[in-house]
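The structure appears below as structure tokens.
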Amino acid sequence: MIVINSPHNPSGTVWSTADMIQLQNITKNTDIIVLSDEVYEHIVFDDETHKSVCLFNDLKQRSFITASFGKTFHNTGWKIGYCCAPKYLMEEFRKVHQFNVFSVNHPMQIGIAQFMQDENTYLELPQFFQNKRDLFLNLISESRFKFTPSKGTYFQVLDYSAITEKHDVDFAKHLTKVFKIASIPLSVFNENNKDDKVLRFCFAKTDDTLIKAAEILCKI
Ligand SMILES: Cc1ncc(COP(=O)(O)O)c(C=O)c1O
């Protein structure tokens, strides 16, 4: 099985059509299954579009898509999502699923069903988060942090190599303790904990919080 995730947490990068075609070519005539984590499918910026595995004929025959209502309807923590796959894969999936998740609680199913009635809830999502990304990035443009704007998700990676040589885990702890601003060091996701001197910040916050965070970051 190959597991992919686009839009990607933590880097905020997205796969292009060329990337997807490459994956399709690599897996063609093999028995490799693809698990495509597409929970941020509706949060893609700068007029790009999400490239789901189900848009590629050969790829979709071998792929599971996992999706989360939590990301689409701003209710992380409800832990309700869905899985799509061709029938022959879904038959296998259901054998496990019925024992893993007997049912999802009823009030939250009704809540999700109501959200789904209004397509604006997810169609307005990219602009909603792009405004927050742009606000945050504009406010820190004069800071010593360097960045490539996030292309999707609600995460922004910032490069702090101009500020300190500190290991990213140590610097993240330092920012939390001394400056009261929390981030995630990317080395914890990397093979051999490779440290590229970058931290992940979440911009799914109120504008006031983003403004306060940017003021802090500009002083560092
Ligand atoms: C890439 C990715 N996949 C899956 C999940 C899980 O989503 P949920 O908790 O909404 O089911 C997350 C949550 O942060 C995520 O970032």
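Observations on the structure shown:
So that you can scan it fast, the table gives a plain yes or no per residue for (1) over 19 Å from K205 (Cα atoms); (2) within 16 Å of the ligand (Cβ to nearest atom):
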{"position": "Q130", "(1), (2)": "no, no"}
{"position": "K151", "(1), (2)": "no, yes"}
{"position": "D170", "(1), (2)": "yes, no"}
{"position": "L175", "(1), (2)": "no, no"}
{"position": "V188", "(1), (2)": "yes, yes"}
{"position": "N192", "(1), (2)": "yes, no"}
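- Filter result (surrounded by 20 or more Cβ atoms within 10 Å (Cβ to Cβ) and part of a loop (DSSP other than H, G, I, E, B)) within region 152-170: T153, Y154, Y160
- Which listed residue, of K71, K51, is at pLDDT 95 or above and either under 15 Å from the mean Cα position of the chain (by Cα) or not β-branched (V, I, T) (or both): K51
- Within region 14-40, considering residues that are among the hydroxyl-bearing types (S, T, Y) and either over 20 Å from G70 (Cα atoms) or at pLDDT below 95 (or both), the one farthest from the ligand (Cβ to nearest atom): T30
- Region 1-44, subset assigned to a strand (DSSP E or B) and closer than 21 Å to V157 by Cβ, residue farthest from the chain's Cα centre (by Cα): V3
- Taking region 115-157 as the range and being charged (D, E, K, R) and within 12 Å of L210 (Cα to Cα) as the test, the residues that pass are K132, R133, D134.
- Test: residue in region 127-141 that is farther than 25 Å from K71 by Cβ and not small (G, A, S): no
- Residue list for region 50-92, filter: within 16 Å of the ligand (Cβ to nearest atom) and in a helix (DSSP H, G or I): V53, F69, G70, K71, T72
- Tallying residues that are in a helix (DSSP H, G or I) and over 16 Å from S161 (Cβ atoms) within region 187-220 yields 17.
- Residues of region 54-87 satisfying the condition of being exposed (fewer than 10 other Cβ atoms within 10 Å of the Cβ) and of a type outside the set (S, T, N, Q): G77, K87
- Between T148, T176, the distinction of being over 28 Å from G81 (Cα atoms), assigned to a loop (DSSP other than H, G, I, E, B), out of contact with any helix residue (DSSP H, G or I) (no Cβ under 6 Å at 6 or more places or on another chain) and not assigned by TED's automatic domain parsing to the domain that holds T13 belongs to T148 only.
- Scanning region 93-135 for residues that are free of Cβ contacts under 8 Å to residues at least 40 places away in the same chain and among the hydroxyl-bearing types (S, T, Y) returns a single hit, S103.
The values are calculated or read from the model by the stated rules, or taken from the named source; none is laboratory data. Since the structure is predicted, the reported quantities are computational estimates derived from the model, not experimental observations. We place every Cβ from the backbone using ideal geometry, glycine too, and count neighbours over all the protein chains shown.
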